[in-house]
1. Rank these for me by crowding, 61, 92, going from fewest to most other beta carbons within 10 Å.
2. What does the charge count around residue 36 come to, taking other residues whose C-beta lies under 15 Å from its C-beta (Lys +1, Arg +1, Asp -1, Glu -1)?
3. What ranking of 3, 40, 111 emerges when the number of other C-beta atoms within 10 Å of each C-beta is taken as an exposure proxy, fewest first?
4. Which lysines have a Cα lying under 17 Å from the Cα of residue 116, excluding residues fewer than 8 positions away in the same chain?
5. For residue 30, give me every one of the aspartates and glutamates with a C-alpha distance below 18 angstrom, ignoring sequence neighbours fewer than eight places off in its own chain.
6. For Cα pairs less than 8 Å apart in space and 6+ apart in sequence, what is the mean separation divided by the residue count of segment 2-111, i.e. the relative contact order in percent?
7. I want to verify a result. In a Gaussian network model of the chain, Cα cutoff 10 Å, which of these has the top mean-square fluctuation: 89, 15, 47?
8. Neighbour counts of other C-beta atoms within 10 Å: give me 116, 21 arranged from fewest to most.
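Readers should treat all values here as calculations from the given coordinates under stated rules, not as data from a laboratory. Predicted model only: the values in this text are computed from it and were never measured. Note that each Cβ is placed from the backbone with ideal geometry, even for glycine, and that neighbours are counted across all protein chains shown.
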Amino acid sequence: MEKYVRLGERYLSEGLVLLAKGDLAQASEKVWGAVAEAVKAVAESRGWEHFKHRDLAEAISRLYEETGDPEIPRLYASAESLHANFYEGFASPGLVRLYAKDAEELIEKLKGMLPKSP
């Protein structure tokens with residue numbers, strides 16, 4: 001679980017630097033990667049599968065059902081748009097910034113769902 005948290009923090013940091021430099025495609029994928037790692041951390045902490053893209057989407061669905069928080073799937077969908085943007089390059093700089101902000105918000109929510117270290 002901790003490895004996913006560390007890797008996600010690194011990806012988010014790198015993604016925000018790339019965004020500031022205007023590299024929208026690479027920033028999009030790094031920030032998406034940070035979200036994926038955060039979902040993996042929560043899934044692993046609960047004993048859920050987390051190795052495929054589908055597993056991540058299923059974890060998000062389960063977290064929504066568990067918490068009733070409609071922001072979880074909405075923010076995840078926004079982050080998934082970053083992943084698509086890496087391949088398709090459709091998002092403007094402002095949209096990538098918006099999606100990155102959503103990704104950061106989701107990551108914070110997910111970190112709050114992790115078990116506390118002793």
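1. Working: 61 13, 92 10.
In increasing order of surrounding Cβ atoms, one gets 92, 61.
2. That works out to -2.
3. The order, fewest Cβ neighbours first, is 3, 111, 40.
4. Within the straight-line cut-off, residue 116 pairs with 3, 40.
5. Reachable aspartates and glutamates: 9, 14, 80, 88, 102, 104, 105, 108.
6. Values: 132 pairs, mean separation 33.8, N = 110.
Once divided by the residue count of segment 2-111, the mean separation gives 31 percent.
7. In this elastic network of the chain, the residue with the biggest mean-square fluctuation among 89, 15, 47 is 47.
8. Least crowded to most crowded, the residues run 116, 21.
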